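Okay, structure first, notes after.
The values are calculated or read from the model by the stated rules, or taken from the named source; none is laboratory data. Remember, predicted model here, so these are calculated numbers, not experimental data. Reconstructed Cβ throughout: ideal geometry from the backbone, glycine too, with neighbour counts over all protein chains shown.
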Amino acid sequence: MNLVNRSRRLWWALALTVVVSGAGLAGYRWSLMPAPLTVGDGRTGPKDMVWIPGGKFTMGSEHPHAVPNERPAHRVKLSGFWVDRHDVTNAQFARFVAATGYVTTAERKPKWEDLRIQLPPGTPKPDDSVLQPGGLVFTGTDAPVPLDDYTRWWKFVPGANWRHPAGPGSSIVGKGNHPVVQVSYEDALAYAKWAHKRLLTEAEWEYAARGGLEQADYAWGAEFSPGGKKMANTWEDSARPFPVTAVRNSSEKVQVGTTAVGTYAPNGYGLYDMAGNVWQWVGDWYRADAFRIEAAGGRMITDPAGPANSFDPDRGALAHAPARVTRGGSFLCSETYCVSYRTSARRGTDPMNSMSHLGFRLAMDESEWQRESGR
């Protein structure tokens, strides 16, 4: 089935406005959706990828939950594209490594040039013995702490990498269907090249995450837990305050981490874990003011590829240090600390960084699929 025929299977869904009580949002409606979903099987499309039809949507948010880097909401027009139904898994990444011998950034000795650019000017070079392979690991705390210092619950752990996400004592055995983590932007690009795919643009990611819903706060609608149902792998504040992982009157720790892809219901486009579980790399450089720049012309933007460089004024002297956009939130996002499982939430991350809650998914253009399939 060619692209034109697929497009004819689209329908204008429900001209429905749903009133959201107490959410600070006047309402939302369904926009263009596929009916039925077009999921590639390796013959009619790339395997386990979903066709996202081209269309227009409102990117960003004016919701009370939104922070300045999500504003202003502005109109964007996108061409259609294929996107992975779920995050790249440990099993998939293992096949890539077996086929190529690739060594991730977390498994290599860090280069001072890569570190220095993310540190305050004048920071002295540490002793060479300090520069060890490893990654950032969520360690939690044994009691509530002020939430203004993430170093209380994040630690650099030598030996942490995609095979050992929490350090040398951890393992991904039995977790082949969990999202791969401890992968940098560079690692994601290497995998994408091998798979003949690419990272999504930030606009494509948000469009796909919304699943056809126009300006809903979450990938599934307006309520975080509709009918009390948990919709994504996120931190449960009702069980314990973030970032406490200690068990009262015990030396044990609560285990938090990834869940298997597909554990929670997909969004309107049939995509899993567009909220929670792991943050996802996208292709754009991160600028805190990117949406303001896009909206400044007052015209609809078509297929935006993102800014030409990074800018984050919150980092002071390091405002222009390299940062790529990450989206979607993770199992560490909570209603009291981080609500970044919202569809418009965004942040910038050091592209050489790897973390125990950071993974990726990929996209493919129809033209690339046509080449791949020999059509």
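Being of a type in the set (Gly, Ala, Ser) and without any contact (Cβ under 8 Å) to a residue 60 or more places away in the chain narrows it down to one of GLY227, GLY211, so name that one. Going through GLY227, GLY211 in turn, just one is of a type in the set (Gly, Ala, Ser) and without any contact (Cβ under 8 Å) to a residue 60 or more places away in the chain: GLY227. Every condition in (1) touching a Pro at 6+ places or on another chain (Cβ under 9 Å); (2) of a type outside the set (D, E, K, R); (3) under 30 Å from GLY140 (Cα atoms) holds for TYR264 except the one numbered (1). Step by step: first the residues of segment 121-179, then only those that are β-branched (Val, Ile, Thr), surrounded by 14 or more Cβ atoms within 10 Å (Cβ to Cβ) and not in a strand (DSSP E or B), then the one that is modelled with the highest pLDDT. Which residue is that? Of everything passing the filter in segment 121-179, ILE172 is modelled with the highest pLDDT. Annotation: of all residues in segment 318-344 being assigned to a loop (DSSP other than H, G, I, E, B) and of a type in the set (A, V, I, L, M), the one that is surrounded by the fewest Cβ atoms within 10 Å (Cβ to Cβ) is ALA319. Restricted to segment 61-118, and to residues there that are assigned to a loop (DSSP other than H, G, I, E, B) and closer than 30 Å to ARG43 by Cα, the residue that is nearest to the chain's Cα centre (by Cα) is ASP87.
How about segment 227-242: which of its residues are surrounded by fewer than 17 Cβ atoms within 10 Å (Cβ to Cβ) and either assigned to a loop (DSSP other than H, G, I, E, B) or in contact with a strand residue (DSSP E or B) (Cβ under 9 Å, 6 or more places away or on another chain) (or both)? Let's see the steps before the verdict.
Of segment 227-242, the ones surrounded by fewer than 17 Cβ atoms within 10 Å (Cβ to Cβ) are 227-230, 236-239, 241.
Correct list: LYS229, LYS230, GLU236, ASP237, SER238, ALA239, PRO241.
For residues that are among the polar types (S, T, N, Q) and at pLDDT below 95, scanning just segment 321-339, find the one that is nearest to THR44 (Cα to Cα). Step by step, filter segment 321-339, then rank; the result is SER334. Quick test for you: out of ARG347, ARG315, pick the one residue that is over 24 Å from GLY54 (Cβ atoms) and part of a strand (DSSP E or B). ARG347 is the lone residue from the list that is over 24 Å from GLY54 (Cβ atoms) and part of a strand (DSSP E or B).
Might you let me know whether segment 268-291 holds any residue that is in a loop (DSSP other than H, G, I, E, B), free of Cβ contacts under 8 Å to residues at least 40 places away in the same chain and of a type outside the set (Phe, Trp, Tyr)?
Our first condition is that a residue be in a loop (DSSP other than H, G, I, E, B); within segment 268-291, this holds for 268-278, 286, 288-289.
The next check asks that each one be free of Cβ contacts under 8 Å to residues at least 40 places away in the same chain; those that pass are none.
No, there is no match, as no residue in segment 268-291 is in a loop (DSSP other than H, G, I, E, B), free of Cβ contacts under 8 Å to residues at least 40 places away in the same chain and of a type outside the set (Phe, Trp, Tyr).
Restricting attention to segment 59-108, and to residues there that are acidic (Asp, Glu) and touching a residue at least 40 places away in the same chain (Cβ under 8 Å), which single residue is surrounded by the most Cβ atoms within 10 Å (Cβ to Cβ)? Don't jump to the end; show me each part of the working.
If we filter segment 59-108 for residues that are acidic (Asp, Glu), which is where we start, we get 62, 70, 84, 87, 107.
Narrowing the set further to residues that are touching a residue at least 40 places away in the same chain (Cβ under 8 Å) leaves 70, 84, 87, 107.
On the way: GLU70: 21, ASP84: 27, ASP87: 25, GLU107: 20.
Looking at residues that are acidic (Asp, Glu) and touching a residue at least 40 places away in the same chain (Cβ under 8 Å), I get ASP84.
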